[in-house]
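Here's the structure, in C-alpha cells; my notes come after.
Any read-out appearing in this document is the output of simple, stated calculations on the displayed coordinates, not a laboratory observation. Treat the numbers as computed from the prediction; the structure is a model and nothing was measured. Don't worry about glycine lacking a Cβ; one is built from the backbone with ideal geometry, like all the others, and counts go over all protein chains shown.
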C-alpha cells in the first residue's frame, strides 16, 4: 500500500512539473502602458519612413537602398529604447560588423546553408566581443549571404550602403523621436557618484542590496538579461519604495512640511536676507514672486560662493563686504537676492509621498526642498530633519503596533 501511495505521489508531482513547464510557453503579460505602446507603433512608423526616404535620397539609383532587418531594429529603438540591445553602439556596431562577416562568409564558403549558419554564429560572437549585441544584426548577416545576386554583386559595399546608411538614418530618427517625447535615449546608466567626492557609497545604498550584490547575482546566473544593472537597481529601489508606502500608509509632503515659511523676493537685499536667516536660524530662503511661485532659492553656500570665502584671513571681512549695501547708484557686486540665488529649483508637490524624498535628500545632496500646490505656489518647506523625523515616527509606530 505505501508503495502505491508513493507511486501516486510521484505521478502527481510529475503532472505538476509538466503543467509548470507548459505554462512557460504562455507569453507573460506586457505591462507597458497604452501611451508607451502607442509611442512604439508611432515611432516605428515615422522612423522607418524617414529612414527609407533619407536612404533613398542618399543612395540614389542603387538597386538595394533599404534592408528588411531595419524593421526589427525599429522594434528595439522605438518600442524598448531603454534596452541595452537598442543603444546607438548596438545598432551601428552590430549591423556593420554582422554585415562584414556575412559578406565574408558568402565569399569564402561555397555552401549557402553553411555560410549562413557560420555568418550568424560568428556575428553573435563578434557582437559579444565588441559589446554591441543587437538581435536584428543576425538577420543582417543572413541577408548578406542569402540576399541574392544584387547583394553578392555589391560585395563589401553592402556593409556601408545600404546597411550603414540605413542604420544611421534609423538611429537619427530614434534620437529625435525619443528625446522629443522626453524618453532618455541613449539610455545612459544612472549616476551613483558620491556628492562629497569621498569613497563612501551614497547614503541610500549603505543598507540593503548594493550594485556589487547585483553584479554577483547576475554573474552567478550567467545569462544575458535584456535590462541594464542600473535599471534593475532602480526598479528594485522603486519596489522597496512602493512596499514602504503600502506598509506605512500615505504620508505626504504636506503632512510633514513647515508651513510658516520665511521667504524672500528677487529684490530683497543681501543684508536683509542674511539677517532673516540668522534671526530664524535657517540655512535657506525660497525666493518667490508676487504670485508666491518659487523662482529660486538662496542658501548659506550661495553667500559663501559669492563672497569668495576661503580658509585664508579675511573671512568675516569678505562676508560683511558682500552683504553691506552699496550707497552709490552703480555697483559691480551683487546687491539683492535675485543676483546670487539658484534659479533652477527642484520643488515637490504637497501630495507627493515622503518616500520619494529619500533619493532627493540623500544621494542628490539636497538639504531644503520647497513644497508647492497644484498651481505651483509655495505652501511649505521640507528639510532633511523633517524627513528623518517622519521616518523615525513611522518606524516607531510600526514597532509599537507589532508589539
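For each of 137, 117, 54, count neighbouring Cβ atoms within 10 Å of the residue's Cβ, then give the residues from fewest to most.
Working: 137 33, 117 15, 54 18.
Placing the least packed residue first, the sequence is 117, 54, 137.
Can you give me the distance in nm between label points at residue 301 and residue 57, each placed 7 Å from the Cα along the Cα-to-Cβ direction?
4.6
By the gyration tensor of its Cα atoms, with a ≥ b ≥ c the square roots of the eigenvalues, what is the shape of region 34-180: rounded for a/c under 1.5, prolate for a/b over b/c, or oblate?
Taking the square roots of the gyration eigenvalues as a ≥ b ≥ c, region 34-180 is oblate.
Starting from the Cα-Cα distance between residue 68 and residue 109, subtract it from 0.36 nm times their residue separation and give me the gain in nm to one decimal. Working shown, then result.
Working: separation 41, 0.36 × 41 = 14.76 nm, distance 2.34 nm.
Gain in length upon complete extension: 12.4 nm.
How would 258, 362, 385 line up from fewest to most surrounding beta-carbon atoms within 10 angstrom?
In increasing order of surrounding Cβ atoms, one gets 385, 258, 362.
Each label point is 7 Å from the Cα along the Cα-to-Cβ direction; what then is the distance between the points at residue 42 and residue 215, in nm?
With each label point 7 Å from Cα toward Cβ, the separation is 4.0 nm.
Pulled fully out, how much extra length does the chain show between residue 121 and residue 188, if you take 0.36 nm times their separation in residues and subtract their Cα-Cα distance?
21.3 nm
Going by a ≥ b ≥ c, the root eigenvalues of the Cα gyration tensor, does region 60-127 fall in the rounded group (a/c under 1.5), the prolate group (a/b larger than b/c) or the oblate group?
Cα axes put region 60-127 in the oblate bin.
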